[in-house]
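S.K.: Would you mind keeping the following structure in view while I ask a few things?
None of the figures in this text is laboratory data; all of them are computed from the coordinates on show. Keep in mind it's a predicted model, so treat the numbers as computed, not measured. All Cβ positions, even for glycine, are placed from backbone atoms using ideal geometry, and neighbour counts span all protein chains on display.
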Amino acid sequence: MRAFLGRNVFPLTIFTIATVFLGLFFLWPVLKVFGASLLDASGRHFTLANYTSVLSNRFFLNGLTNSLGIAAAAAVCTVLIGVPFAFCLARLPIGAKAVLLALAALPLVLPSFVSAYALVLLFGRSGIVTGALRSLGIPFESIYGATGIVVVYTLTLYPYIVLPVTAAFKSIDVSVEEAAQNLGASRTRTLRTVTLPLVLPSILAGALLVFIEALENFGVPFVLAEDRPILSVEAYKLFVGETTDNPASAGVLGMLLIVCTVMALLVQRGLLARRNFATGARRAAPLIDVSPALRRVGATYCWLVVAAALVPFVAVVVISLMPFSGPVLHTGLSIGNFAQLFERGYRPLTNTLMLATLAACGATLIGVPIGYLITRHRSRLAAAIDIVATSPFAVAGTVLGIGLVMAFSSGFLILTGTWLIMVLAYMVRKLPFSVRSAGAILHQIDPSLEEASINLGVPPALTFARITVPLMLGGIVGGFVLTFVTVASELSSTIVLYSGPWTTMTVAMFQALEGTSAGVAAAAATVLIICTILPVALVYRLLRRHELSML
Amino acid sequence: MTAITIEGVARTFGTVHAVDNVSIAVRDGEFFTLLGPSGCGKTTLLRMVAGFCELDTGRILFGEQRIDTLPPHKRNTGMVFQNYAVFPNLTVGGNVAYGLRARSVPSHETRERVARTLKLVQLDGFAERWPHQLSGGQLQRVAIARAIVIEPHVLLLDEPLSNLDAKLRVEMRGEIRRLQKLLGITVLYVTHDQEEALAISDRVAVMRAGHVEQIASPREVYDRPATPFVASFVGTTNLLNGVIRAREGESAEVAVAGRTLRLNGVRGSAGDKVVLSARPEALRLLAPGEAAPPRCVTLTGTLGEVEYLGPVTRFHVTLAGGTALQLMALMPPAVSGQVTVAFDPQRVVVLGGPT
């Protein structure tokens with residue numbers, strides 16, 4: 001045993017840190033939510049009444065079907081938009097592909113509820129486009145409700161399909177397609193019977209991400225759902241208690257969300273189970289020779305999709321620079337909205353920058369060693385840590401926030417109301433990303449480099465610092481920045497956990513939305529866009545596509 | 001400069017016996033090769049000596065010191081990896097100095113030893129270069145320099161030449177042998193290339209499915225293989241099934257391919273089945289009308305395919321009973337159809353039971 005310990009100090013240390021961190025700040029809070037859903041009003045006795053009352057309540061049942069229906073619709077729409085996009089990008093001879101891919105990936109780092117809000121500004125009841133259409137005599141309701149939410153999800157989540165599927169289209173061994181054509185299949189038949197089935201696993205993986213993201217998203221339905229019930233929003237309302245706070249029912253909704261995610265995961269696993277195609281392509285599949293007309297159609301399609309996804313963000317920036325009086329927009333140029341936003345100081349902005357920096361540091365410091373452990377030490381312990389470290393992805397931000405409040409508002413560790421609890425929530429939520437991205441980089445670093453270093457007399461921990469980390473550095477920096485920007489635009493756990501002095505930019509925007517100061521909300525949205533685009537632009541060359549695809 | 005003692009070492013992965021009770025004693029200063037097909041456990045055994053693979057049972061000693069309980073970074077072995085594993089973030093000089101820095105060697109001494117070792121592997125002047133500027137052969141030299149500069153107890157090489165092209169491979173193996181003799185270092189070398197193993201080793205251990213089939217000098221492994229596997233894996237051979245008819249002291253009469261041969265060194269008694277190994281170059285095709293050389297036995301068969309290989313020509317002959325034989329000859333006689341094959345029974349090796 002001593003020999004075992006002596007030789008495995010480094011992995012065991014990582015394992016211990018990972019276990020303590022995830023156990024305390026992820027598993028325990030989730031268990032708290034689960035526990036709350038099973039306790040009666042006194043908080044002492046076991047009961048299933050919460051479940052029966054929620055599941056017999058038409059309002060909450062509607063919420064469940066709304067959430068599931070919208071998430072499924074979003075998954076289908078992103079696949080319909082994203083797969084042709086990926087095919088054009090991977091296999092058609094169209095120009096400016098690097099730019100197209102960068103622009104297509106951009107919505108991943110931009111806050112999706114900003115896009116939702118832009119749609120309200122453009123197509124809402126008093127929206128610019130709505131007004132224009134009405135003045136032309138074209139009847140147009142508004143984009144509130146399920147349709148609007150699905151549109152926003154489609155425009156902001158389609159990169160989850162485009163990035164992995166583009167890679168899959170490129171990695172197809174072209175000789176398989178040539179074999180199909182050699183056997184007499186036409187090009188379209190080859191596409192249908194060989195190419196598409198080969199990329200199906202990537203499509204399903206992307207669709208699962210879209211489904212989960214859409215299910216847990218808080219900001220978009222908050223902006224667009226109005227009084228239609230959506231699980232993630234209702235859980236928050238029940239917990240924060242606009243009328244009376246009800247942790248038990250909030251817990252039930254949280255557990256329902258988790259169950260939905262797990263079911264989606266199982267369905268995807270089931271669909272993928274018998275479809276493990278490894279095609280050992282040594283070079284990227286070649287471009288398909290198509291007629292100039294078809295090529296133009298492909299290019300036009302790609303640019304239209306990219307533009308549709310980015311126009312809302314551009315619109316918000318433009319609108320934020322125009323003067324408002326209350327909700328009414330006037331033409332002109334003004335920085336009044338920004339002045340109003342920062343009237344009471346820059347605290348929300350500095351909070352966002354500080355919290356995002358701390359969370360990115362924390363997630364990197366914990367995530368990179370865990371990614372290392374999982375990739376390099378194939379053992380049952382590592383497999384267990386892998387599952388636990390990547391499962392925060394399946395837990396909605398609101399649910400995690402509620403759990404953290406339940407776990408750390410009393411007892412031996414009181415954290416509610418502090419900045420620390422927010423940073424911890426961000427770290428837990430972004431951990432799957434930093435773990436996976438570290439693992440992906442490590443897969444490209446030959447393990448014999450580390451063995452060579454150890455063989456030359458440098459102990460494992462020091463080898464990790466001297467050889468592994470320098471080789472991973474580009475990827476680590478990229479992962480750090482992506483964590484930073486996604487934390488900066490995080491709303492779903494922030495909204496549960498923030499307290500007055502720790503108001504962030506997202507909360508400031510959220511508060512402006514709740515009030516009527518449309519101009520302030522647009523200004524806050526613009527600041528958020530700058531906070532996310534600027535760091536990404538600075539390190540864009542360090543970012544690799546697979547990292548973006550894992551956000 | 002150390003002897004390596006491997007005693008009763010075993011390792012199981014799941015249900016696979018990767019290394020199955022292996023004992024090997026490598027002498028001080030010896031060039032010892034582990035030879036076998038992929039999956040035979042040779043690399044696992046090498047990694048056990050380096051410390052990258054744990055032992056289920058058994059022990060490993062360098063000289064008198066037991067080392068299998070030490071972590072890999074404390075074993076003082078120099079390892080050369082199949083894919084070189086040259087650190088891409090360090091210069092050539094940085095790579096070679098890496099192990100010396102880990103040992104806190106003073107910087108002036110480090111500089112001096114790095115320069116001396118780079119000269120030894122014919123890379124003087126390359127210290128400031130980056131790995132991505134080097135060719136495969138040069139990277140291999142960096143990897144070797146990095147491993148020998150620390151003056152390791154033993155040098156471990158894991159298929160170091162398999163990523164090089166054929167010509168460079170022959171050149172580098174000569175160089176590795178030259179360095180080993182110059183430094184007098186104990187080498188444990190892993191390869192699946194039998195020609196390479198025969199060319200550079202003092203002794204070879206032929207492995208199959210986790211265990212050692214034979215440990216002997218290259219010459220003995222080729223001329224006196226211990227098992228049918230060794231006979232067929234090292235070089236090519238003709239394996240023939242025979243039956244012992246009668247025995248008289250050391251020699252025995254063995255019935256094979258319709259003939260009865262008197263052979264020495266046969267184990268077993270009358271009625272036992274044996275396998276005979278005859279190398280293609282031990283068989284001769286007789287020209288039409290040529291008499292068989294003295295002591296030789298002749299067989300008749302039909303000539304099949306003839307492969308021209310450059311320096312030699314290979315003939316495929318099917319004997320009357322259906323047994324297929326391969327023969328190798330420098331100067332092919334002009335023959336076709338029915339041919340006569342002659343061989344000296346002294347050059348036939350008798351192996352254990354049938355394959």
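S.K.: Most mobile of B:P218, B:P311, B:P71 per a Gaussian network model of chain B (Cα springs, under 10 Å)?
M.R.: Judging by the Gaussian network model, the answer is B:P311.
S.K.: What's the average, rounded to a whole number, of partner chain beta-carbon atoms within 10 Å of each residue's beta-carbon in B:79-90?
M.R.: 5
S.K.: Still on this structure, please answer the following. What value in Å³ per residue do you get for the convex hull of the alpha-carbon atoms in region B:135-208?
M.R.: Value for region B:135-208: 91 Å³ per residue.
S.K.: Translational diffusion coefficient of region B:238-351 at 10 °C, 1.306 mPa s, Stokes-Einstein with Kirkwood Rh over Cα pairs, in µm²/s as a whole number.
M.R.: 108
S.K.: Between B:Q194, B:Q82, B:Q133, where does the largest GNM mean-square fluctuation fall for chain B, given springs only between Cα atoms within less than 10 Å?
M.R.: For chain B, modelled as a Gaussian network with Cα springs under 10 Å, the answer is B:Q133.
S.K.: I'd like the distance between the alpha-carbon centres of region A:340-358 and region B:1-32, rounded to an integer number of Å.
M.R.: 64
S.K.: Moving to a separate point now. For region B:4-233, take every pair of Cα atoms, bin their distances at 5 Å starting from 0, and report each bin as a whole percent.
M.R.: All Cα pairs considered, the percentages come to 1, 7, 15, 18, 19, 16, 12, 7, 4, 1, 0, 0.
S.K.: Taking +1 at the Cβ of each Lys and Arg and -1 at the Cβ of each Asp and Glu, which of B:G268, B:N241, B:A324 sits farthest along the dipole of region B:238-351 towards its positive end, judged by Cα position relative to the Cα centre?
M.R.: B:G268
S.K.: With a 10 Å Cβ neighbour count serving as the proxy for reagent exposure, in which order, fewest first, do A:E343, A:E226 appear?
M.R.: Listed from fewest to most nearby Cβ atoms, that is A:E343, A:E226.
S.K.: Can you put A:Y117, A:Y153, B:Y308 in order of Cβ neighbours within 10 angstrom, beginning with the fewest?
M.R.: Fewest-to-most ranking of A:Y117, A:Y153, B:Y308: B:Y308, A:Y153, A:Y117.
S.K.: Using only Cα atoms, what is the ratio of the radius of gyration of region B:202-242 to 2.2 N^0.38 Å?
M.R.: Here the Cα radius of gyration is 1.12 times the empirical estimate.
S.K.: Mind checking which helices in chain A clear 20 Å along their axis (Cα) and have mean Kyte-Doolittle hydropathy of -0.5 or more, DSSP H runs only?
M.R.: A:58-91, A:196-216, A:247-272, A:292-320, A:347-376, A:419-443, A:469-488, A:518-538
S.K.: Using the Cα centre as the reference, give the magnitude of the dipole from point charges on the C-beta atoms of the protein assembly as shown (Lys, Arg: +1; Asp, Glu: -1; all else neutral), rounded to the nearest 20 debye.
M.R.: 540
S.K.: About its Cα centre, how strong a charge dipole does chain B have in debye, to the nearest 20, once Lys and Arg get +1 and Asp and Glu get -1 at the Cβ?
M.R.: Value, rounded to 20: 400 debye.
S.K.: Let me ask another. How do A:S202, B:S336, A:S448 line up, fewest other C-beta atoms within 10 Å first?
M.R.: By the 10 Å Cβ count, ascending, the order reads B:S336, A:S448, A:S202.
S.K.: In the protein assembly as shown, if the dipole is taken from +1 on Lys/Arg beta carbons and -1 on Asp/Glu beta carbons about the Cα centre, which of A:V477, B:A115, B:T57 is farthest to the positive end?
M.R.: B:A115
S.K.: Would you mind counting up the charge near B:R247? Only other residues with Cβ under 13 Å from its Cβ, with Lys and Arg at +1 and Asp and Glu at -1.
M.R.: Net local charge, B:R247 excluded: -1.
S.K.: Here is a follow-up. So how far, in whole Å, is the C-alpha centre of region B:191-260 from the one of region B:104-165?
M.R.: 38
S.K.: If you don't mind, there's one more thing I want to ask. Once the Cα gyration tensor of region B:5-126 is diagonalised, what are the square roots of 5 times its eigenvalues, in whole Å and ordered largest first, as equivalent ellipsoid semi-axes?
M.R.: 32, 16, 14
S.K.: Using a 10 angstrom cutoff on alpha carbons, build the Gaussian network for chain B and name the most mobile of B:F87, B:F13, B:F315.
M.R.: With Cα springs under 10 Å in chain B, the top fluctuation among B:F87, B:F13, B:F315 is at B:F13.
S.K.: Continuing with the same structure: Could you work out the local net charge near A:A90, counting Lys and Arg as +1, Asp and Glu as -1, over the other residues with Cβ closer than 10 Å to its Cβ?
M.R.: Within the 10 Å Cβ shell, the charges total +3.
S.K.: Based on the Cβ-Cβ distance of B:D124 and B:D28, what FRET efficiency does E = 1/(1 + (r/R0)^6) give at R0 = 41 Å, to the nearest 0.05?
M.R.: After rounding, the FRET efficiency stands at 0.85.
S.K.: OK, next. Once you list every other residue whose beta carbon is under 13 Å from the beta carbon of A:V220, what net charge do they have if Lys and Arg are +1 and Asp and Glu are -1?
M.R.: Local charge sum for A:V220: -2.
S.K.: Also, I was wondering about something else. Report, in whole Å, the centroid distance computed from the Cα atoms of region A:92-147 and region B:288-327.
M.R.: Region A:92-147 and region B:288-327 have Cα centres spaced 83 Å from each other.
S.K.: Farthest toward the dipole's positive end in the protein assembly as shown, which of A:N351, B:Q338, A:A179, given Cβ charges of +1 (Lys, Arg) and -1 (Asp, Glu) about the Cα centre?
M.R.: Comparing the listed Cα positions along the dipole, B:Q338 ranks first.
S.K.: Can you tell me what the convex hull of the Cα atoms of region A:442-506 projects to on average, as an area in nm²?
M.R.: For region A:442-506, averaging the hull's shadow over all directions gives 6.4 nm².
S.K.: A further question follows. From the mean inverse distance of alpha carbon pairs (Kirkwood) and the Cα radius of gyration, derive Rg over Rh for the protein assembly as shown.
M.R.: 1.10
S.K.: Taking the Cα centre as origin and putting +1 on Lys and Arg beta-carbons and -1 on Asp and Glu beta-carbons, what dipole magnitude results for region B:238-351, to the nearest 20 debye?
M.R.: Computed charge dipole of region B:238-351: roughly 220 debye.
S.K.: With contacts defined as alpha carbon pairs under 8 Å and 6 or more residues apart, what's the relative contact order of chain A in percent?
M.R.: 22
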